[in-house]
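The values are calculated or read from the model by the stated rules, or taken from the named source; none is laboratory data. Computed from a predicted model, the values in this text were never measured in an experiment. All Cβ positions, glycine included, derive from the backbone under ideal geometry; neighbour counts span all protein chains shown. These area figures cover heavy atoms from the full protein model, side chains too; ligands, DNA and RNA do not enter into them. Shrake-Rupley method; radii C 1.70, N 1.55, O 1.52, S 1.80 Å.
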Amino acid sequence: MNRRLGVLISGRGSNLQALIEATRDRRLDATIAVVISNREDAQGLARARAAGVETLTISHRGWSSRDDHDRVIVRELRARDVGLVCLAGYMRLVGPPLLEAFPNAILNVHPSLLPAFPGVDAPRQAIEHGVRVSGVTVHFVTSELDNGPIVLQRAVPVLDDDTVETLAARILVEEHKAYPEAVAVVLGGGWRIEDRRFVRSATSASSSLSPLRADS
Ligand code: GAR
């Protein structure tokens, strides 16, 4: 798989920052070709610029349909020869133009152990439900919200005195480790999708327990 990433954001961009740092430290053998935000006030845009990464704002407003917005994003990603799209706090449903342009090549990070607690405010949902364990999921994107084959999950215990904020903060720490790791696994190849399962071949699964670069 082509190792040029397109990162889509809507806000803070801390997962984008984790990807930037992983590529900079050579823990992740990839290049962030472009960061696209649907909001011009997204903090992540400044993070990308500070790292010398090209940024674009493509507002979701003013198009006659969601598909038109998606088509422009596809055009810009293709113009930069992007091979893998990473949603990093991109708070929009991805429509058919993007899904068809990047089949099995769009990843998302979500702050829960999916399929529990999709959508917004996953840590709040976890606290309100009273689960004892939550976590992070990195998964391929499909037309359904926070659905799709799961590449990697990490559990985070819910503590008795957790608030939404403390739980979200601990999950975020795991997100920042899990996302670059999952991107490295996907870029490394040797996997297939069976039904809705992400299956690694025996060699790629056993060759490295840490899927990050051996020289890191
Ligand atoms: C992250 O916690 C990410 O998992 C979540 O939004 C936050 C974005 O933070 N995404 C979702 O909930 C997707 N359904 P960031 O902008 O600092 O990376």
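Laid out as a table, the results:
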{"quantity": "Selection count where residues are surrounded by 17 or more Cβ atoms within 10 Å (Cβ to Cβ) and either among the aromatic types (Phe, Trp, Tyr) or within 15 Å of ASN15 (Cα to Cα) (or both), scope segment 155-169", "calculated": "1"}
{"quantity": "Members of segment 29-47 that are within 13 Å of the ligand (Cβ to nearest atom) and touching a residue at least 40 places away in the same chain (Cβ under 8 Å)", "calculated": "ASN38, GLY44"}
{"quantity": "Meets criteria (open to solvent by 30 Å² or more (accessible area, probe 1.4 Å), within 21 Å of GLN17 (Cα to Cα) and in contact with a Lys or Arg (Cβ under 7 Å, 6 or more places away or on another chain)) for GLU181", "calculated": "no"}
{"quantity": "Those residues of segment 49-70 which are touching a helix residue (DSSP H, G or I) at 6+ places or on another chain (Cβ under 7 Å), surrounded by fewer than 17 Cβ atoms within 10 Å (Cβ to Cβ) and part of a helix (DSSP H, G or I), in sequence order", "calculated": "ASP67"}
{"quantity": "Residues (of a type in the set (D, E, K, R), in contact with a His (Cβ under 9 Å, 6 or more places away or on another chain) and within 21 Å of ALA101 (Cα to Cα)) located in segment 134-193", "calculated": "ASP146"}
{"quantity": "Any strands (runs of 3 or more DSSP E) falling wholly within segment 81-194 and containing at least 2 residues that are within 13 Å of the chain's Cα centre (by Cα) and away from the ligand (no atom under 11 Å from the Cβ)", "calculated": "84-87, 106-110, 150-157"}
{"quantity": "Residues of segment 86-137 satisfying the condition of being among the small types (Gly, Ala, Ser) and open to solvent by 10 Å² or more (accessible area, probe 1.4 Å)", "calculated": "GLY89, ALA101, ALA116, GLY119, GLY130"}
{"quantity": "Verdict on GLY6 being part of a loop (DSSP other than H, G, I, E, B), within 20 Å of ARG80 (Cβ to Cβ) and either within 16 Å of the ligand (Cβ to nearest atom) or over 17 Å from the mean Cα position of the chain (by Cα) (or both)", "calculated": "no"}
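Here is a yes/no grid of residues against (1) of a type in the set (S, T, N, Q); (2) farther than 24 Å from GLU175 by Cα:
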| position | (1), (2) |
| --- | --- |
| SER64 | yes, yes |
| LEU84 | no, no |
| GLY95 | no, yes |
| SER112 | yes, no |
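Matching residues to (1) at pLDDT 95 or above; (2) of a type in the set (A, V, I, L, M, F, W, C); (3) touching a Gly at 6+ places or on another chain (Cβ under 6 Å):
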{"site": "ASN108", "(1), (2), (3)": "yes, no, no"}
{"site": "PHE117", "(1), (2), (3)": "yes, yes, no"}
{"site": "PRO123", "(1), (2), (3)": "yes, no, no"}
{"site": "SER134", "(1), (2), (3)": "yes, no, no"}
{"site": "HIS139", "(1), (2), (3)": "yes, no, yes"}
{"site": "ASN147", "(1), (2), (3)": "no, no, no"}
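Table: residues versus (1) among the aliphatic types (A, V, I, L, M); (2) touching a residue at least 40 places away in the same chain (Cβ under 8 Å).
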position	(1), (2)
SER64	no, no
ARG75	no, no
PRO96	no, yes
ALA105	yes, yes
VAL109	yes, yes
PRO118	no, no
ALA126	yes, yes
